[in-house]
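The values are calculated or read from the model by the stated rules, or taken from the named source; none is laboratory data. Because the structure is predicted, anything quoted here is derived from the model rather than measured. Reconstructed Cβ throughout: ideal geometry from the backbone, glycine too, with neighbour counts over all protein chains shown. The area values use the complete protein model at the heavy-atom level, side chains included, leaving out ligands, DNA and RNA. Shrake-Rupley method; radii C 1.70, N 1.55, O 1.52, S 1.80 Å.
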Amino acid sequence: MRLLKRKLTAGDYLLIIVNLIPVYGVWFEGWNAAQVFLVYCLETVIIGLFTVVKLACVTLIVKPRDEWNAGKSSVIVSGLFFILFFLVHYGIFVFVQTQIFFSVSGLVSDHSILGTYRQIPKVLGHEGQLLLLIFIIYYTLQNLFGFFLSGEYKTISMMKLMFQPYARIFVQQLVVIVGSIFLAFGAGKVFILVLALVKIYFEIFIDFGRFIDVTEARAKQKEKMAGKG
């Protein structure tokens, strides 16, 4: 199974630039590494929100129902089911990731659940808010051109669409844990550089879409073989 991309797109080069901006800011402009790292945590939230929007658009515009692969069988469920399942399941990942970060980074003073999230706008600071805006603009353009204007929304399965963010979040989950350790020992500048390089490699050179396609095809093949048996 070929997982490495053979050709980079204009969007890939833009993503490289977006991920190098925080490195430049931390190394040469004195940006707070913990605040920048918080933006990377919130990037997971941004990706999740765009996924919900795309699932909703596919449900409303293309197909209100789609196939749900459950083990050795599949059933047809509504698009609303995909959205609700994603919100709960993905939300758990986001909650765990952010709680790990806040418990180690020392950015917040109120460690209650609601208190922690209420402090996010304040602890981001000017540079963090600017970087967050850059990520929001990037993902808006990426989804506008790569998903809607390209016509991908007409053909993609909701199962594939729902699982697209998970490959990234597994990488980010590991990065958050390791990164929190680096921040605790005051090695934020080094870690931001390593983080950016790791993210660029996995998001640019690993074809997660191909992996999902192959996994989905194998599941359907097993289901077909089980039906014949």
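A few notes on this one:
- Fraction of accessible area attributable to carbon and sulfur, the stretch 67-165 (%, probe 1.4 Å): 70 percent
- Cleavage-rule hits (trypsin sites (Lys or Arg not before Pro)) in the stretch 1-66: DSSP loop, at most 12 neighbouring Cβ within 10 angstrom: Arg2, Arg6, Lys7
- Dipole of the stretch 32-182, positive end: most advanced residue of Phe85, Tyr117, Leu107 [Cβ charges, Cα centre]: Phe85
- Gain on full stretching of the segment that runs from Val194 to Leu80 - 0.36 nm per residue minus C-alpha separation: 37.2 nm
- Estimated FRET transfer efficiency (Ile100, Glu67; beta-carbon r; R0 25 Å; 0.05): 0.10
- Taking Cα centre as origin and charging only the Cβ of basic (Lys, Arg, +1) and acidic (Asp, Glu, -1) residues, the dipole magnitude of the stretch 79-169 rounds to 140 debye.
- When +1 charges are put on Lys and Arg Cβ atoms and -1 charges on Asp and Glu Cβ atoms, the dipole computed for the stretch 13-84 relative to its Cα centre reaches about 320 debye.
- For the stretch 16-156: rounded, prolate or oblate by the Cα gyration tensor [a/c cutoff 1.5]: oblate
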